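The values are calculated or read from the model by the stated rules, or taken from the named source; none is laboratory data. Note that this is a predicted model, so its numbers are computed, not measured. A quick note on method: Cβ atoms are made from the backbone with ideal geometry, for glycine too, and the neighbour counts reach across all protein chains shown.
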Ligand SMILES: [Cu+2]
């Protein structure tokens, strides 16, 4: 039984390393959305943001989502936004490593908490270890192979390995 547990633990460790996470969609502020009175530094705690992940801002359109510089973020300076949106539903895809800063452009809102700094890590969460092929015939024969299909195939293969592993240990 100890051997079985050890074998399964080993398999689970392998699963954790081999199967990558798909891109994550983060709703800023969760159910609170993008508004005053929320501490977004608390919201980012414990979250790992990677290239390919996205941030969804939900808010009434008297707020704005302004991407700003580090200094404008620190000082709550409005009017110099790199990008700005007030559609009420803004999705920002994280495309580069580093820290990206957002504030609300409405007067006084940044000082009332509408400021968000997200540290983006360089590791992409959409890259899998099994998508790359050097065989041109193989790649052209499956042009519609999606990341989901790849992940599913990987999981299926590992599931078979797990079953074989259990069968093996049950022999003893
Ligand atoms: Cu606002």
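Any residue that is away from the ligand (no atom under 16 Å from the Cβ), in a strand (DSSP E or B) and modelled with pLDDT of 95 or more - is there at least one of those in the range 5-26? Within the range 5-26, one or more residues are away from the ligand (no atom under 16 Å from the Cβ), in a strand (DSSP E or B) and modelled with pLDDT of 95 or more. Filtering the range 105-116 to residues that are in contact with a strand residue (DSSP E or B) (Cβ under 7 Å, 6 or more places away or on another chain) and outside any strand (DSSP E or B) leaves 105, 110, 114.
Limited to the range 93-122, what total is found for residues that are within 16 Å of the ligand (Cβ to nearest atom) and touching a residue at least 12 places away in the same chain (Cβ under 8 Å)?
As a first pass, look at the range 93-122 and keep what is within 16 Å of the ligand (Cβ to nearest atom): 101-116.
Restricting the remaining residues to those that are touching a residue at least 12 places away in the same chain (Cβ under 8 Å) gives 101-107, 109-116.
Qualifying residue count for the region: 15.
If only one of 49, 57 is under 21 Å from residue 121 (Cα atoms), free of Cβ contacts under 8 Å to residues at least 60 places away in the same chain and more than 10 Å from the ligand (Cβ to nearest atom), which one is it? Can you show your working first?
Working: 49 fails: free of Cβ contacts under 8 Å to residues at least 60 places away in the same chain.
Only one candidate passes the filter, namely 57.
Output the residues belonging to the range 60-82 that are free of Cβ contacts under 8 Å to residues at least 24 places away in the same chain and either out of contact with any strand residue (DSSP E or B) (no Cβ under 6 Å at 6 or more places or on another chain) or within 16 Å of the ligand (Cβ to nearest atom) (or both). Reasoning before the result, please.
Residues of the range 60-82 that are free of Cβ contacts under 8 Å to residues at least 24 places away in the same chain, as a first pass: 71, 74-75, 77, 80, 82.
Those that are free of Cβ contacts under 8 Å to residues at least 24 places away in the same chain and either out of contact with any strand residue (DSSP E or B) (no Cβ under 6 Å at 6 or more places or on another chain) or within 16 Å of the ligand (Cβ to nearest atom) (or both): 71, 74, 75, 77, 80.
Scan the range 41-51 for residues that are under 18 Å from residue 67 (Cβ atoms) and either surrounded by fewer than 18 Cβ atoms within 10 Å (Cβ to Cβ) or touching a helix residue (DSSP H, G or I) at 6+ places or on another chain (Cβ under 9 Å) (or both) and the total you get is 3.
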